[in-house]
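K.L.:
One structure is given below, represented as structure tokens, and several questions about it will come after.
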Amino acid sequence: MTPWFAISSPRRRRQRAVVVAWLSCLSCVGCLSCFLAGAVPRSPPGRCSDRGLKAFPWEAQANPKADEAYEALCKSFPDAAKSGTYMGTSCSKDIVRGRFDGLCQLFGQGVALTVVEKEPFLLLGDTQSQKSSFEYLKSLETDSQKGLALDTVIKNPRLLTVPVFEYQRTKPSLDSLAATSGAIDFIRPLGELGLAAAIFGSFVVIILVLRPIFYGVGGGQSLVGALTSWLPPIPRPADIAASYGINLASLVALIPLYQVFSAVKNSSQYDKLVNK
């Protein structure tokens with residue numbers, strides 16, 4: 001005799017098939033979840049992440065070179081360092097450290113500290129703009145000038161404060177910038193007053209040298225006059241015009257009349273265009 005629970009009707013068979021299908025789906029979902037949990041990489045213990053995990057101990061330490069850069073800024077711009085602003089721009093310690101980190105990414109820590117100690121003003125400017133200026137200077141290098149842009153910037157870091165559009169407008173050569181930077185770096189130990197004295201002294205020397213060349217000294221003949229004394233005298237334009245009976249002063253008086261005539265003519269042409 002067959003037990004009652006062994007009796008299988010079509011309805012019971014369909015129910016068992018549905019239950020087995022659901023259990024199979026649940027088993028597949030569980031296996032997939034375990035696989036994904038093992039495949040997703042996890043941050044190592046102590047690593048900094050966006051979810052607030054702690055950073056490595058050495059990442060939390062302060063950069064000593066950044067502190068030296070900030071001290072250089074404080075010496076040159078004590079008021080800005082005290083107030084934390086410079087010309088409406090924030091220059092707090094954290095902001096300055098961030099700008100120094102940007103220079104470190106561009107030059108390395110050693111070179112970045114060197115240029116900042118020479119020109120602390122760099123820490124008050126836009127690091128991205130300074131990076132663009134340096135990249136433009138590097139684009140001026142030829143195959144035989146590799147590294148000249150960096151050497152020029154090290155000697156005169158103020159070149160980083162010149163925007164790219166100004167370089168594009170003036171189009172200076174890298175050799176001329178390197179020569180000027182070398183001269184500035186040579187007299188840098190003299191300080192700002194030394195730089196002003198050097199410029200004034202150069203101006204005086206040029207005057208003393210050029211005066212005897214073009215004008216002479218003590219009423220004597222100039223060097224240019226002595227070299228061109230054998231040439232026939234060059235007549236003046238006024239003498240040439242006078243030989244033809246032309247008075248240059250009368251021609252100058254005609255210029256205002258010509259300007260008035262041009263203004264009246266342009267005004268009449270404009271009225272004709274408007275009335276059409």
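K.L.:
Rank by packing, highest mean first: peptides 156-162, 83-89, with packing defined as the count of other Cβ atoms within 10 Å averaged across residues.
P.N.:
On the way: 156-162: 20.1, 83-89: 11.1.
Per-residue mean Cβ counts within 10 Å order the peptides as 156-162, 83-89.
K.L.:
Per residue and in cubic angstrom, what volume does the convex hull of the Cα atoms of segment 64-209 have?
P.N.:
Values: hull volume 19.9 nm³, N = 146.
Once divided by residue count, the hull of segment 64-209 is 136 Å³.
K.L.:
Which value, in Å² and to the nearest 10, is the accessible area of Phe200 when all protein chains are kept and the probe is 1.4 Å?
P.N.:
Rounded to the nearest 10, that gives 140 Å².
K.L.:
I'd like the accessible area for Lys155, computed on protein heavy atoms only with a 1.4 Å probe and all protein chains in place. Round to 10 Å², please.
P.N.:
Here the residue's solvent-accessible area equals roughly 60 Å².
K.L.:
Now a separate question. Considering only protein heavy atoms, what is the solvent-accessible area of Asp94 at a probe of 1.4 Å, reported in Å² to the nearest 10?
P.N.:
Taking all protein chains as shown, Asp94 has close to 120 Å².
K.L.:
Also, I was wondering about something else. Please report the Cα spread of segment 63-127 along all three principal axes, rounded to whole Å, starting with the longest.
P.N.:
The Cα atoms of segment 63-127 stretch 29, 19, 19 Å along the principal axes, largest first.
K.L.:
Past the 31 Å Cα-Cα mark, which pairs from Lys65/Lys138; Lys65/Lys171; Lys75/Lys146?
P.N.:
Check vs 31 Å cut-off fails for Lys65/Lys171; Lys75/Lys146.
The values are calculated or read from the model by the stated rules, or taken from the named source; none is laboratory data. Given the structure is predicted, the values throughout are model-derived calculations rather than measurements. Neighbour counts run over all protein chains shown; Cβ positions are idealised from the backbone, glycine included. Each accessible area value is taken on the protein alone, full model and side chains, heavy atoms only, with ligands, DNA and RNA left out. Shrake-Rupley method; radii C 1.70, N 1.55, O 1.52, S 1.80 Å.
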